[in-house]
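Student: Sharing a structure with you now.
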Amino acid sequence: ADITNPQISFIDLSTGHVDGLWNFGDGGTASTNFDRLLHTFSDTGTFQVSLNIVSDSGCTDIAYQTIYISPVFTIYVPSAFTPNNDLYNDYFLPIVDGVSEYEFNVYTRSGQKVFTTNDFSNDYLGCINNTCKAAWDGKINNGTEFAIAEVYIYAINLTDFNGKLRTFEGTVTLIR
């Protein structure tokens, strides 16, 4: 399962028992209802789920199952930004999640690279304090000059958590 739908259905198929306890490996537990039980995982990771049952004669048995809740790759790339320090759309920041490797470049239409980074983020608000290395602030020449208002080209090369290589290219309009 993945984090976008982390609800798993567990079924107690054991017979001849009078009590049982599910342990979901994430700190959650539940008494068995001797049938189907739903549990929602709140984070990604690997979880060792167990069902410990007790028979009417006092004997115990445990069944285990490993559950993996995977992260999901997502990307959103805005089409324009306005780096005028009004705290609205001041940065060009592709929002990505589920990424293990990342390269983001911005070029002029003539092919001159004006921004590059290997940092990524899924939090635009974290970039408004002017310390975010994942976002282009609309400046060129090592941040000494304001880029002119025009269309720029971006290229994103990344590897998602599942090891898939992905490439995204497009344009962004810098508005002054």
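Student: Condition first: exposed (fewer than 11 other Cβ atoms within 10 Å of the Cβ) and either among the aliphatic types (A, V, I, L, M) or part of a strand (DSSP E or B) (or both). Now tell me which residues in region 149-169 satisfy that.
Tutor: Correct list: Leu165, Thr167.
Student: Here is a list: Tyr76, Tyr68. Which entry is more than 12 Å from Val172 (Cβ to Cβ), open to solvent by 60 Å² or more (accessible area, probe 1.4 Å), touching a residue at least 40 places away in the same chain (Cβ under 8 Å) and of a type in the set (Ser, Thr, Tyr)?
Tutor: Values: Tyr76 fails: touching a residue at least 40 places away in the same chain (Cβ under 8 Å).
One residue alone meets the criteria, Tyr68.
Student: Can you name every residue in region 98-121 that is under 16 Å from Cys132 (Cα atoms) and either acidic (Asp, Glu) or in a loop (DSSP other than H, G, I, E, B) (or both)?
Tutor: Glu103, Asn118, Asp119, Phe120
Student: Of all residues in region 29-48, count the ones that are touching a residue at least 24 places away in the same chain (Cβ under 8 Å) and among the hydroxyl-bearing types (Ser, Thr, Tyr).
Tutor: Total meeting the criteria: 3.
Student: Now, a different point. Thr29 passes all but one of (1) over 30 Å from Val172 (Cα atoms); (2) at pLDDT 95 or above; (3) β-branched (Val, Ile, Thr); (4) touching a Gly at 6+ places or on another chain (Cβ under 9 Å); which number fails?
Tutor: Single failed check for Thr29: (4).
The values are calculated or read from the model by the stated rules, or taken from the named source; none is laboratory data. Keep in mind that this is a model prediction, so the values were computed, not measured. Backbone-built Cβ (ideal geometry, glycine too); neighbour counts: all protein chains shown. SASA here: full protein model, heavy atoms, side chains in, ligands and nucleic acids out. Shrake-Rupley method; radii C 1.70, N 1.55, O 1.52, S 1.80 Å.
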